[in-house]
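The structure appears right after this line, and notes come after that.
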Amino acid sequence: MIPESAEQPQPAAWQHELRRAYTDGAQLLRALGLAAGRSGLDPEPPDFPLRVPRGFVNRMRAGDRDDPLLLQVLPLAAERASAAGYCRDPVGDSEAEVVPGLLHKYCGRVLLVVTGSCAIHCRYCFRRHFPYARSNPARDHWQAALSYIRADPSLREVILSGGDPLSLSDTRLASLSEALAAIPHVRRLRIHSRIPIVLPERVDQHLLQWLRRCRMQKVMVVHANHPREIDAGVVAALQRLRDAGVTLLNQSVLLHAVNDALATLVELSEVLMSAGVLPYYLHQLDPVQGAAHFQVAPETAAQLLDGLRRRLPGYLVPRLVVERRGEAYKLPLELVYT
Ligand SMILES: *Cc1c(COP(=O)(O)O)cnc(C)c1O
Ligand code: SF4
């Protein structure tokens, strides 16, 4: 494999942006005009450091310690507390791992964890403890995963996930998707990425060229939780993706103090629709260790869903789901709590 540095001698603009991301909590708070003292900040979170691109920070409100974008990324001392029922692998990923990095949990589709890196570190992330170093499918250039997919003709769709698959170079994405496109029964390539939202610069001509060339149907599931995450730069990036023939969906996580208000969720659906993105999933938080302070009670979640149904056309109401170990699909919340 060609080393990254030889592929792109000039780092692309997005790679430059990625390097300029904030990684220090005190520095981030200073940039927002906030004092670290009363913020609850954990200055050195043990295994999941702070990371947030500057463009995303620019969408936060200066001077507001409760800003819903800030709350998603600021490491808090509260994460160190252990909460009952919260664990490191809440959704049973390890049981579904058929070869390193390949999860086959649901019929007809597999999920390939192509990288552990992300442009942003979301404190509620359910894969924050995923053993990326051990489950690295790229170690053999994805050969084991590709063989598995090739051998199962029932697989119609491959989902690239992570981490964030768009943190891979265009060269690596292209070589992986060419190998997938050569498997006749794989019709769809789905990409789960938060990068078009947090680092829209990534959606550049090289990425678009790769997407346009790819013979498979392309679906991208982006990840925005709050309407203010979607600014003009993001809208333009989403438009470029659609022009390249990509079907766009959004998934969100229901998060206390971030988006657990009806007006916020209504606005999120509206803003997404204006940007050509349909709401897909609204996930009930997975009980991952360190994220208990984001939990929204199921009764509250059910009320919010009822409110959305009253206020919005059906296609703008996301499916409110819970992931349960061993189930054949992500369960609608009503099936779990009634
Ligand atoms: C969520 C998930 C999928 C995709 O499920 P859909 O309901 O098709 O969106 C596939 N594989 C795994 C392991 C998942 O967690
Ligand atoms: S971008 Fe996705 S995978 Fe990465 S930390 Fe955020 S939620 Fe987790």
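The values are calculated or read from the model by the stated rules, or taken from the named source; none is laboratory data. Keep in mind that this is a model prediction, so the values were computed, not measured. Cβ: placed from backbone, ideal geometry, glycine included. Neighbour counts: every protein chain shown.
A few notes on this one:
- Of all residues in region 118-140, those that are within 11 Å of ligand 2 (Cβ to nearest atom) and among the aliphatic types (A, V, I, L, M) total 2.
- Inspection of region 102-117 identifies no residue that is more than 10 Å from ligand 2 (Cβ to nearest atom), within 21 Å of TYR329 (Cα to Cα), in contact with a Gly (Cβ under 9 Å, 6 or more places away or on another chain) and small (Gly, Ala, Ser).
- Scanning region 280-338 for residues that are farther than 26 Å from CYS107 by Cβ and touching a residue at least 60 places away in the same chain (Cβ under 8 Å) gives GLN289, GLY290, ALA291, ALA292, HIS293, PHE294.
- Checked against (1) without any contact (Cβ under 8 Å) to a residue 40 or more places away in the chain; (2) within 16 Å of ligand 1 (Cβ to nearest atom); (3) at positive phi; (4) of a type outside the set (A, V, I, L, M), GLY163 passes all but condition (1).
- Every residue from region 188-211 that is within 16 Å of ligand 1 (Cβ to nearest atom) and of a type in the set (Val, Ile, Thr): ILE191
- Within region 1-109, helices (runs of 4 or more DSSP H) holding 1 or more residues that are modelled with pLDDT of 90 or more and either within 30 Å of TYR148 (Cα to Cα) or more than 24 Å from the chain's Cα centre (by Cα) (or both): 25-31, 93-96
- Flag: PRO153 matches the condition of being outside any strand (DSSP E or B), more than 14 Å from ligand 2 (Cβ to nearest atom) and touching a His at 6+ places or on another chain (Cβ under 8 Å).
- Set ALA236, ALA232, ALA179, ALA224: member being surrounded by 19 or more Cβ atoms within 10 Å (Cβ to Cβ) and of a type in the set (A, V, I, L, M, F, W, C): ALA224
- If you go through region 309-327 and keep only what is more than 15 Å from LEU262 (Cα to Cα), out of contact with any Pro (no Cβ under 7 Å at 6 or more places or on another chain) and either of a type in the set (A, V, I, L, M, F, W, C) or not in a loop (DSSP other than H, G, I, E, B) (or both), you end up with GLY314, TYR315, VAL322.
- Qualifying residue in region 208-215 (condition: of a type in the set (A, V, I, L, M) and surrounded by fewer than 16 Cβ atoms within 10 Å (Cβ to Cβ)): no
- Of the residues making up region 131-146, just one is touching a residue at least 40 places away in the same chain (Cβ under 8 Å) and either under 26 Å from GLN284 (Cα atoms) or surrounded by fewer than 15 Cβ atoms within 10 Å (Cβ to Cβ) (or both), namely HIS141.
- Of the listed requirements (1) within 16 Å of ligand 1 (Cβ to nearest atom); (2) basic (Lys, Arg); (3) within 30 Å of GLN303 (Cα to Cα), ARG228 misses just one: (1).
- When ALA301 is tested against the conditions (1) of a type in the set (A, V, I, L, M); (2) more than 16 Å from ligand 2 (Cβ to nearest atom); (3) in a loop (DSSP other than H, G, I, E, B); (4) surrounded by 18 or more Cβ atoms within 10 Å (Cβ to Cβ), the lone failure is (3).
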